[in-house]
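J.: This is the structure, below, for whatever I ask next.
The values are calculated or read from the model by the stated rules, or taken from the named source; none is laboratory data. What you see is a predicted model, and the numbers here were worked out from it, not measured in a lab. Because the Cβ atoms are built from the backbone with ideal geometry, glycine has one as well, and the counts that use them run over all protein chains shown. Ligands, DNA and RNA are stripped out before the accessible areas are found, and what is left, the full protein with its side chains, is counted by its heavy atoms. Shrake-Rupley method; radii C 1.70, N 1.55, O 1.52, S 1.80 Å.
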Amino acid sequence: MSEELKRIEELKKIVEETDNIVFFGGAGVSTESGIPDFRSVDGLYNQKYDYPPETILSHTFFMNRPDEFFRFYRDKMTAENAEPNNAHKALAKLEREGKLKAVITQNIDGLHQKAGSREVLELHGSTLRNYCMKCGKFYDISAVMNSDGVPECECGGRIKPDVVLYEEGLDDETVAKAIDYIRNAKTLIIGGTSLVVYPAAGFINYFKGDKIILINKTPTQADSRADIVIHDSIGKVLSMFL
């Protein structure tokens, strides 16, 4: 049996024996659904635009150049037609079985909920939710996608996607809840994240449980802290739970 197969078998045994798992995931969870990540060779940060993505996706740029922001946003940040992959489906199944307590995600695509997960903490918000900055009225994604230029509310206010832009802070309540889940988990599965985006990457420091499992295609700075490290596709690895 290869080393990787041994690690996968060990992961299977851990999941079978625990009913308090928390999953913490990033962009790599959704790449298998056709959504590009930010830092891979084919990711958004390696594509060419008039401005770097970090600049476009900042609060300052959104306020000062909204036309340019929404051109990029509609083209690159939304994924209306994306479907959950085996990783999303497996996590939803583990939750239904009472093993998984929560999914904590850095993704903004809503695919965990689409797969059936109920307890999903979206650290960076969601493209599926939008609101008027003036009156607070809620709009779904169609209000942004089916409008031209800068989408406006019927009150005349600008509609803003409910996503955390650069220069904006994470939602305090979501952060507190995520830390609480991680602190009380027996097993923490980390998947599809390079663990370089803070403060989210620092959340694993709150884990006090038994096992950390890390599934990512490439090595991360937290590999040495994990009990099991699997460098492979997360959809492929988690599909054994379907």
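J.: Return the sequence-ordered ³J(HN,Hα) values of the range 21-36 in whole Hz as given by the Karplus equation 6.51 cos²θ - 1.76 cosθ + 1.60 applied to θ = phi - 60°, using x for Gly and Pro.
T.: In residue order, the calculated couplings are 9, 10, 10, 10, x, x, 4, x, 5, 9, 4, 6, 9, x, 9, x Hz.
J.: Where in the range 120-209 are there GluC sites (Glu not before Pro) that are in a DSSP coil and have at most 14 other Cβ atoms within 10 angstrom of their Cβ?
T.: Here the GluC sites (Glu not before Pro) that fit, given the DSSP loop and packing criteria, are Glu154, Glu167, Glu168.
J.: Relative to the longest principal axis of the chain, what angle (0 to 90°, nearest 10) does the C-alpha long axis of helix 86-96 take?
T.: Once rounded, one gets 70 degrees.
J.: Taking the Cα-to-Cβ direction at Lys114 and at Arg96 and moving 7 Å from each Cα, how far apart do the two end points lie in nm?
T.: If labels sit at Lys114 and Arg96, their model points lie 1.8 nm apart.
J.: Give me the net charge for the shell around Gly209: Cβ to Cβ below 11 angstrom, other residues only, Lys and Arg +1, Asp and Glu -1.
T.: My count for the surroundings of Gly209 gives +2.
J.: Would you work out the charge dipole size for the chain about its Cα centre, treating the Cβ of every Lys and Arg as +1 and the Cβ of every Asp and Glu as -1, and quote it to the nearest 20 debye?
T.: 360
J.: List the trypsin sites (Lys or Arg not before Pro) in the range 143-242 that DSSP assigns to loop (not H, G, I, E or B) and whose Cβ has at most 11 other Cβ atoms within 10 Å. Which are they?
T.: Sparse-neighbourhood loop trypsin sites (Lys or Arg not before Pro): Lys208.
J.: If you restrict to DSSP beta bridges whose two residues both lie in the chain, what percentage is antiparallel, to the nearest 5?
T.: In the chain, approximately 30 percent of DSSP beta bridges are antiparallel ones.
J.: Specify the inter-centroid distance of the range 78-144 and the range 203-242, based on alpha-carbon positions, in whole Å.
T.: Distance between centres, Cα-based: 21 Å.
J.: Can you work out the PRE-style zone for Glu3? Point 7 Å along Cα to Cβ, and I want the residues of the range 212-230 with backbone N under 12 Å.
T.: Within reach of a label on Glu3: 229-230.
J.: Taking 25 Å as R0, compute the FRET efficiency from the Cβ-Cβ separation of Asp140 and Asp180 and round it to 0.05.
T.: In this case the efficiency is close to 0.30.
J.: Quick one: what are the phi-derived ³J(HN,Hα) couplings along the range 115-131, Karplus 6.51/-1.76/1.60 with θ = phi - 60°, whole Hz, x for glycine and proline?
T.: 7, x, 5, 9, 9, 10, 9, 9, 4, 10, x, 8, 5, 6, 10, 9, 8
J.: Still on this structure, I have one more. Stokes-Einstein D for the chain at 20 °C, 1.002 mPa s, Kirkwood Rh over Cα pairs, in µm²/s?
T.: Rounded, D is 114 µm²/s.
J.: Next question. Helix 3-17: angle to the longest alpha-carbon principal axis of the chain, degrees 0 to 90, nearest 10?
T.: Taking the Cα atoms of the chain, the angle to 3-17 is about 90 degrees.
J.: With every protein chain left in place, what is the accessible area of Asp172 in Å² (1.4 Å probe, nearest 10)?
T.: We get 130 Å² for Asp172.
J.: Assuming R0 = 41 Å, can you tell me the calculated FRET efficiency for the pair Asp232 and Ser147, based on Cβ-Cβ distance, to the nearest 0.05?
T.: Step by step, r from the Cβ atoms, then E = 0.50.
J.: Further question on the same structure: Dividing the alpha-carbon Rg of the range 98-188 by 2.2 N^0.38 Å yields what?
T.: For the range 98-188, the normalised Cα radius of gyration comes out at 1.26.
J.: Before I look further, what does the chain give for accessible area per residue, probe 1.4 Å, in whole square angstrom?
T.: Here the per-residue accessible area is 48 Å².
J.: Here's something else I'd like to know. What size of dipole, in debye to the nearest 20, comes out for the range 179-232 about its Cα centre when the only charges are +1 on Lys and Arg C-beta atoms and -1 on Asp and Glu C-beta atoms?
T.: Dipole about the Cα centre, nearest 20: 100 debye.
J.: Within a Cβ distance under 14 Å of Arg71, other residues only, what is the Lys/Arg minus Asp/Glu net charge?
T.: -2
J.: By how many nm would the segment from Glu168 to Val197 grow when fully extended, if each residue of separation counts as 0.36 nm and the alpha-carbon distance is taken off?
T.: Working it through step by step, the gained length comes to 9.1 nm.
J.: Quick one: which residues, 5 or more positions from Glu152 or on another chain, have an amide H under 5 Å from its amide H? H modelled 1.01 Å from N in the peptide plane, none for Pro or chain starts.
T.: For Glu152, whose amide H was placed from the backbone, the distant partners under 5 Å are Ile159.
J.: Of the options Asn81, Val144, Tyr49, report the single residue whose Cα projects farthest towards the positive end of the charge dipole of the range 31-176 (beta-carbon charges: Lys, Arg +1; Asp, Glu -1).
T.: So the residue furthest toward the plus end is Asn81.
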